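One structure is given here, and the rest of the page talks about it.
The values are calculated or read from the model by the stated rules, or taken from the named source; none is laboratory data. Keep in mind the model is a prediction, meaning the values are calculated, not measured. Here Cβ is always computed from backbone atoms with ideal geometry, including for glycine, and neighbour counts include all displayed protein chains. We work out accessible area using only protein heavy atoms, side chains counted, and drop any ligands, DNA or RNA first. Shrake-Rupley method; radii C 1.70, N 1.55, O 1.52, S 1.80 Å.
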Amino acid sequence: MDAQPGTYGYTRAACTILTHLVCTIFTIIITVLSRPGSSLFSWHPFLMTLAFSFFMTEAILVFSPHGSPFRMFPHKSKGRLHWVLQCLGLACAALGFVAIVYNKHLAGKAHFTSWHGLTGLVTVCVVGIQCMAAVSLIYPSLVKGWSLAKLKRYHAAAGLLTYLLGGGSLFLGVSSVWFTASVGELAWYLTALCPVLSSLVIMSQVSNAYMAKKRLQS
């Protein structure tokens, strides 16, 4: 019976470490293919991937009790680091969004005509709202009538939804004409798995964290 929690912990740690590697490798692949600076468009896939695949994934993994280099830090310190990484992600997403909008404007193309474009627009807006709402967790006195525990639950649920939107946007991005023309079929399948695997691990981490809290409270 004692071996089961140990095996579970090792499995969770392996999944977390794998997610660190996956989001980093995915970001490197998109960086190499897009060659940021080679054109105005090149900044869009680079910055969006840096935002949603790297910064936002790492921001959530900060709280992972398994496989996170910050797991021994105080919760308050992890919360501040999480917010900084999310703000960096928001900054990259906003710049990537501006790059593609201006690029389409120069080319005389219509905006937000694909599912990728629409999902990206919604995701950037939601990330901005989520980052602003997170200020209430750092300074809970700003929000009256809400307990800190309730604010954290809503923030976690909204954050998970936001991350899944970002993962969906990345998946639709690698399904674009630009990306499919840049890689072979096998490479496409392997790359497309990256945001899917990251989303599954993040979803498991968030849901397990709150199920554990419910078990402790019951």
Check your understanding: If you take the square roots of the eigenvalues of the alpha-carbon gyration tensor of the stretch 1-155 and sort them as a ≥ b ≥ c, do you get rounded (a/c under 1.5), prolate (a/b over b/c) or oblate?
Key -> oblate
Practice item. Run the 1.4 Å probe and let me know the accessible area of R153, rounded to the nearest 10 Å². Key: 120
Review point. For F73, F97, what's the largest-to-smallest order of accessible area, 1.4 Å probe?
Key: F73, F97
**Study point:** Net charge of neighbours whose Cβ lies under 11 Å from the Cβ of A134, counting Lys and Arg as +1 and Asp and Glu as -1
**Key:** +2
Point to revise | Dipole of the chain, positive direction: furthest Cα of L137, T113, A91, with charges on the beta-carbon | key: L137
Exercise for review: Go through P36, S64, S77 and say which Cα lies farthest out towards the positive end of the charge dipole of the stretch 1-103; charges sit on Cβ, +1 for Lys and Arg, -1 for Asp and Glu.
Suggested key: S77
Point to revise | Neighbourhood net charge (13 Å Cβ-Cβ; Lys/Arg +1, Asp/Glu -1) for V62 | key: +3
Revision key, fill the gap. Sorted largest first, the C-alpha extents of the stretch 76-218 along its principal axes in whole angstrom are 52, 34, 25
**Study point:** L160, L61, ranked by accessible area, largest first (probe 1.4 Å)
**Key:** L160, L61
Study note, to complete from the structure: Summing +1 per Lys or Arg and -1 per Asp or Glu among the other residues with Cβ less than 15 Å from G159's Cβ gives +3
Revision key, fill the gap. Most packed first (mean Cβ within 10 Å per residue), the peptides 177-186, 75-84, 39-48 order as 39-48, 75-84, 177-186
**Study point:** Accessible heavy-atom area order of T11, T19, highest first, probe of 1.4 Å
**Key:** T11, T19
Point to revise | For the stretch 1-156: relative contact order, % (alpha-carbon pairs under 8 angstrom, 6 or more apart) | key: 20
